[in-house]
1. Of the numbered conditions (1) farther than 17 Å from Leu167 by Cα; (2) part of a loop (DSSP other than H, G, I, E, B); (3) open to solvent by less than 30 Å² (accessible area, probe 1.4 Å), Leu295 fails exactly one; give the number of that condition.
2. Check Val241, Val300, Val256, Val263 and return the single one that is more than 17 Å from the chain's Cα centre (by Cα) and either part of a helix (DSSP H, G or I) or more than 19 Å from Leu167 (Cβ to Cβ) (or both).
3. Exactly one of these conditions fails for Ala197: (1) over 30 Å from Ile307 (Cα atoms); (2) assigned to a loop (DSSP other than H, G, I, E, B). Give me its number.
4. When the stretch 165-181 is examined, which residues are found to be of a type in the set (Gly, Ala, Ser) and out of contact with any helix residue (DSSP H, G or I) (no Cβ under 6 Å at 6 or more places or on another chain)?
5. Quick one: in the stretch 265-277, of everything that is hydrophobic (A, V, I, L, M, F, W, C) and modelled with pLDDT under 95, which residue is surrounded by the most Cβ atoms within 10 Å (Cβ to Cβ)?
6. Where in the stretch 69-173 are there helices (runs of 4 or more DSSP H), lying fully within it, with 2 or more residues that are of a type in the set (Lys, Arg)?
7. Could you please let me know if Phe231 is touching a residue at least 40 places away in the same chain (Cβ under 8 Å), more than 23 Å from Ser67 (Cα to Cα) and out of contact with any Cys (no Cβ under 8 Å at 6 or more places or on another chain)?
8. Of everything in the stretch 15-44, what is at pLDDT below 85, of a type outside the set (Val, Ile, Thr) and over 34 Å from the mean Cα position of the chain (by Cα)? Give them in sequence order.
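The values are calculated or read from the model by the stated rules, or taken from the named source; none is laboratory data. Remember, predicted model here, so these are calculated numbers, not experimental data. Here the Cβ positions follow ideal geometry from the backbone for every residue, glycine too, while neighbour counts run over all protein chains shown. The protein model used for the area step is the full one, side chains on, heavy atoms only, and it has no ligands, DNA or RNA in it. Shrake-Rupley method; radii C 1.70, N 1.55, O 1.52, S 1.80 Å.
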Amino acid sequence: MASIKDVAAEAGVSVATVSRVLNEHPSVSADARARVLAAVAALGYRPNAVARSLRTDETRTLGLVISDVLNPYFTELARSVEEEARALGYSVIIGNADERPDLQDHHVRTLLDRRIDGLLVSPTDGGSPLMLEAARGGTPMVFVDRWIPGVDVPVVRADGRTAVRDLVAHLHRLGHRRLAIIAGPAATTTGQERVEAFREALEECGLELPDRYIGQGDFQADSGRRVTEGFLDLAEPPQVVFAADNLMALGALDAVRARGLRVPDDIALAAFDDIRWFVHTDPPITAIAQPTGELGRAAVRALVDRIEGRAPHSVTLPARLVVRRSCGEDPVTNRSQS
């Protein structure tokens, strides 16, 4: 197994320089940094690697890399992970990827170097080389909410297809026919799955999803605002905007209000990922709720099973439609009117 001295010799630099590069210190020149990183890759060097076959001790610590700590869904998920881990005798170190693959890799690398016993990840993309190496190299790992297709790692997630179907049927009963979606990143499994589920649900109701009614977002509020502005500029705007996560829904709501329009009088709004705030917005937002706390607890149990030598299993829990008043529902009965 390569050592830090081997890397220094291969790169033609000092051990101290290698250490500064690995710790992302800004004082290293671009040329030296490039040579060190090339040597690390060539030698397969991993400082303090926690390959399971070589581990002789345990830290009782789990790593959690979430996609966006500002997203209330992931905040609640992190809380449930920490609570369940503590109940099982583990601590948790959390890294926020901020929907950026480079930050995700930074946190994964840092957590591996800290000799964690296992890793929970909600991937921000289809799988970087580092992520794939960690998953396939023996690091106990569980994907939560999102996953990387083709990688043999247990997945704990919610199935939103039935809830999306219920939402579209609900909107159809309300008389809506022009439905648009603010999609999440195509590189994420949840981004892809929610668009596919929405399209399939529309087809079941005899409706189409034209390209002009698909807006590409990034699971953050600014993209929801930008995409909604584009929808409102169309010659025939949609009657409903379905945001594929809660932050994009809030951005969409901002865009509607900035035009002096009202939800649902001028345009209806629905969201995937219910949050506690939605009951306090005006109007309260109809949304698809995931069993976030249950997902976090199940993910920890699956990871601990893997760490302790038991066979873990993937877990899929159902999401559900929560009907409120942002799509033209009856404010008294809070149900769709035929």
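1. Evaluating Leu295 over (1) farther than 17 Å from Leu167 by Cα; (2) part of a loop (DSSP other than H, G, I, E, B); (3) open to solvent by less than 30 Å² (accessible area, probe 1.4 Å) leaves (2) as the failure.
2. Working: Val241 fails: either part of a helix (DSSP H, G or I) or more than 19 Å from Leu167 (Cβ to Cβ) (or both); Val300 fails: more than 17 Å from the chain's Cα centre (by Cα); Val263 fails: either part of a helix (DSSP H, G or I) or more than 19 Å from Leu167 (Cβ to Cβ) (or both).
It is Val256.
3. Just one mismatch for Ala197, condition (2).
4. The initial filter retains those residues of the stretch 165-181 that are of a type in the set (Gly, Ala, Ser), namely 169, 175, 180.
Within the stretch 165-181, Ala169, Gly175 meet the criteria.
5. So in the stretch 265-277, the residues hydrophobic (A, V, I, L, M, F, W, C) come out as 267-272, 275, 277.
With modelled with pLDDT under 95 added as a condition, the list becomes 275, 277.
Details: Ile275: 23, Trp277: 13.
Filtering the stretch 265-277 for residues that are hydrophobic (A, V, I, L, M, F, W, C) and modelled with pLDDT under 95, the one surrounded by the most Cβ atoms within 10 Å (Cβ to Cβ) comes out as Ile275.
6. On the way: elements: 72-87, 101-113, 129-136, 161-173.
Hits in the stretch 69-173: 72-87, 161-173.
7. Values: touching a residue at least 40 places away in the same chain (Cβ under 8 Å): yes; more than 23 Å from Ser67 (Cα to Cα): yes; out of contact with any Cys (no Cβ under 8 Å at 6 or more places or on another chain): yes.
Yes, satisfied.
8. Selection gives Ala16 alone.
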